[in-house]
Amino acid sequence: MRQRHLAALLSSVLLAGAASAQERLIWSDEFDSGDVPNPEVWSYDLGDNGWGNQELQNYTNDPANVRVRDGNLEITALGGGGEPFTSGRIKTEDKVIFTYATLEARIRVPDLADGLWPAFWTLGNNFSQIGWPRCGELDVFEMGNSAAITDGVINRRVASTAHWESDENYAGYGLSLDAAQDLNDEFQIFRMEWTPTLVTTYLNGEQIWAIDISPENCADCEEFHRPHFALLNMAVGGSYTGRLIEGAVTADTPATMFVDYVRIYDNGFTVVEGSGAEGVVPDIGPGHSGSWYNADQDGHGFSMEFGEAADGSPFAVIYWYTYDDQGNPVYLVGAGVPEDSSITVDFVSTSGMVFGEFDPSTVVRTPAGSGTFDFSDRDNAVFSYTPSDESAANLGHSPVTELPLTRLFAIPVGN
């Protein structure tokens, strides 16, 4: 976004500590009701077109392939022995979409040897408009790779990969982790932490892979700064497994991938949208930092910086750039502790400062009233203000009630 008014006034304060937030669960599907995936959240990919990977299965919406039972989502691969393979692939496209989220699932995979390919991953929600790899893909985990088969670790090797378009060419970066023991037939926790600067994946808390997506290190990675949706599937055969014909698949079927839950945590930058996530409002965090203003009040505005105090607790500093009743520019500053989607600060006006010097003993801080900001999302809020007697008398300030604010542009914040 372009900045028109406050460029010279931003970044005038540095918050102590890292700009991270205590993660809070803000959305989940626990698969604890119904017989099929919740249609308000999930839809199906269908067909037997190979899915760009020479896969052998036909994806269906048949409950034999995809169902909910006993508190789990079950995705079951069927076929073999002369019968065509079928399986399931579900997605949250348009229904639950997220940016800069911590995404986690608890999953149990079957014996994969040889030819099964389970995965938990994301695609850019603009996939249907611009295709792959321009939409971007983040693989939280996938298993069943041909090299893992060759190395005898098919049920132990977990891979994570990013796929995107760079300079009109395909780009990809991935790594794998070999667990100390087989992962099939026991639930494991797969987790992706995605912020504006870094994507990191984990198996049961152990890092699998990380990619720096900050602009200075990934100049053509806009795909990873846009909304994504989640997918769960289990393919049969395909180029990833190296099994391209039915007879090469030796894995036992039926074979079921069980999913206990899918959860999204707020990591301080998270935005969750879509019809299946109505009412989800992330807590205030670094992702709210930026320049805020009301378009009808040209020249007024706020610089808000959210992070952590030295002890790790949430903290914010807010500068308010405004005018007195004589038309002279003034600024007020306040600090406070965010609570859920709101923050209240006590503003002060300052005098006695000399440019290029800072002597706290010479600074006079005059109470300037109390302001409250209520955020509906990362880019919209309302502001209410009660002036102090001093600001009413000396600056001519009057009360403000629920003034709409829009974030004009974000302040880049490291993780």
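Taking the options Ala335, Ala368, Ala295, name whichever one is under 24 Å from Leu408 (Cβ atoms), hydrophobic (A, V, I, L, M, F, W, C), touching a helix residue (DSSP H, G or I) at 6+ places or on another chain (Cβ under 8 Å) and open to solvent by less than 80 Å² (accessible area, probe 1.4 Å).
After ruling out the rest, the residue left standing is Ala368.
Does Val199 satisfy the condition of being open to solvent by less than 20 Å² (accessible area, probe 1.4 Å) and in contact (Cβ under 8 Å) with a residue 60 or more places away in the chain?
yes
Name the residues in the stretch 106-135 that are open to solvent by less than 20 Å² (accessible area, probe 1.4 Å) and closer than 27 Å to Val249 by Cα, would you?
The answer is Ile107, Val109, Pro110, Leu112, Gly115, Leu116, Pro118, Ala119, Phe120, Thr122.
Residues in the stretch 269-284 that are in contact with an Asp or Glu (Cβ under 7 Å, 6 or more places away or on another chain), in a loop (DSSP other than H, G, I, E, B) and of a type in the set (Gly, Ala, Ser): how many?
1
Quickly run through the stretch 136-156 and pick out the residues that are of a type in the set (A, V, I, L, M, F, W, C), in a loop (DSSP other than H, G, I, E, B) and surrounded by 22 or more Cβ atoms within 10 Å (Cβ to Cβ).
Met143, Ile154, listed by residue number.
Mind checking which residues of the stretch 69-105 are more than 18 Å from Phe258 (Cα to Cα) and either acidic (Asp, Glu) or open to solvent by less than 30 Å² (accessible area, probe 1.4 Å) (or both)?
Of everything in the stretch 69-105, those that are more than 18 Å from Phe258 (Cα to Cα) and either acidic (Asp, Glu) or open to solvent by less than 30 Å² (accessible area, probe 1.4 Å) (or both) turn out to be Gly79, Gly80, Glu83, Phe85, Glu93, Asp94, Val96, Ile97, Phe98, Thr99, Ala101, Thr102.
Name the single residue that is least open to solvent (accessible area, probe 1.4 Å) among those in the stretch 371-399 being of a type in the set (S, T, N, Q) and either without any contact (Cβ under 8 Å) to a residue 12 or more places away in the chain or over 25 Å from Asn328 (Cβ atoms) (or both).
Thr372
Please identify the pairs in which a residue from the stretch 277-292 that is over 15 Å from Pro314 (Cβ atoms) has its Cβ atom under 9 Å from the Cβ atom of a residue that is surrounded by fewer than 24 Cβ atoms within 10 Å (Cβ to Cβ) and among the polar types (S, T, N, Q), counting only partners at least 6 apart or on another chain.
That search, which allows pairs on different chains as well, returns Val281/Ser341; Val281/Ser376; Gly290/Ser303; Ser291/Gln3; Ser291/Ser303; Trp292/Ser303; Trp292/Thr406.
I'd like to know if the stretch 310-331 contains one or more residues that are part of a strand (DSSP E or B), open to solvent by 20 Å² or more (accessible area, probe 1.4 Å) and of a type in the set (Asp, Glu).
For the stretch 310-331, residues part of a strand (DSSP E or B), open to solvent by 20 Å² or more (accessible area, probe 1.4 Å) and of a type in the set (Asp, Glu): absent.
If you take the residues in the stretch 207-222 that are in a loop (DSSP other than H, G, I, E, B) and more than 17 Å from Glu137 (Cβ to Cβ), which one is most open to solvent (accessible area, probe 1.4 Å)?
So the first thing to find is which residues in the stretch 207-222 are in a loop (DSSP other than H, G, I, E, B), and the list is 213-221.
Filter again for more than 17 Å from Glu137 (Cβ to Cβ), leaving 214-217, 219.
Values: Ser214: 6, Pro215: 96, Glu216: 147, Asn217: 100, Ala219: 100 Å².
Per the stated criteria, the residue is Glu216.
When only residues in the stretch 74-129 that are among the hydroxyl-bearing types (Ser, Thr, Tyr) and not in a strand (DSSP E or B) count, which is farthest from Ser33 (Cα to Cα)?
Taking the candidates together, the pick is Ser128.
Among the numbered criteria (1) of a type in the set (Val, Ile, Thr); (2) touching a residue at least 40 places away in the same chain (Cβ under 8 Å); (3) within 30 Å of Phe375 (Cα to Cα), which single criterion is violated by Val249?
(3)
Looking only at the stretch 158-206, filter to residues that are in a strand (DSSP E or B) and touching a Lys or Arg at 6+ places or on another chain (Cβ under 6 Å); which one of those is farthest from Val271 (Cα to Cα)? Walk me through how you get there before you give the answer.
Filtering the stretch 158-206 for residues in a strand (DSSP E or B) gives 158-166, 169-178, 188-194, 198-203, 206.
This time we only want the ones that are touching a Lys or Arg at 6+ places or on another chain (Cβ under 6 Å), so: 165, 176, 178, 189, 202.
On the way: Glu165: 23, Ser176: 28, Asp178: 32, Ile189: 22, Tyr202: 21 Å.
The qualifying residue farthest from Val271 (Cα to Cα) is Asp178.
Would you confirm whether any residue within the stretch 285-292 is open to solvent by 10 Å² or more (accessible area, probe 1.4 Å), more than 16 Å from the chain's Cα centre (by Cα) and not hydrophobic (A, V, I, L, M, F, W, C)?
no
The values are calculated or read from the model by the stated rules, or taken from the named source; none is laboratory data. What you are looking at is a predicted structure, and each value in this text was computed from that prediction instead of being measured. Note: ideal-geometry Cβ built from the backbone for every residue, glycine included; neighbour counts use all protein chains shown. In case anyone asks, the SASA skips ligands and DNA or RNA and just uses the protein heavy atoms, side chains included. Shrake-Rupley method; radii C 1.70, N 1.55, O 1.52, S 1.80 Å.
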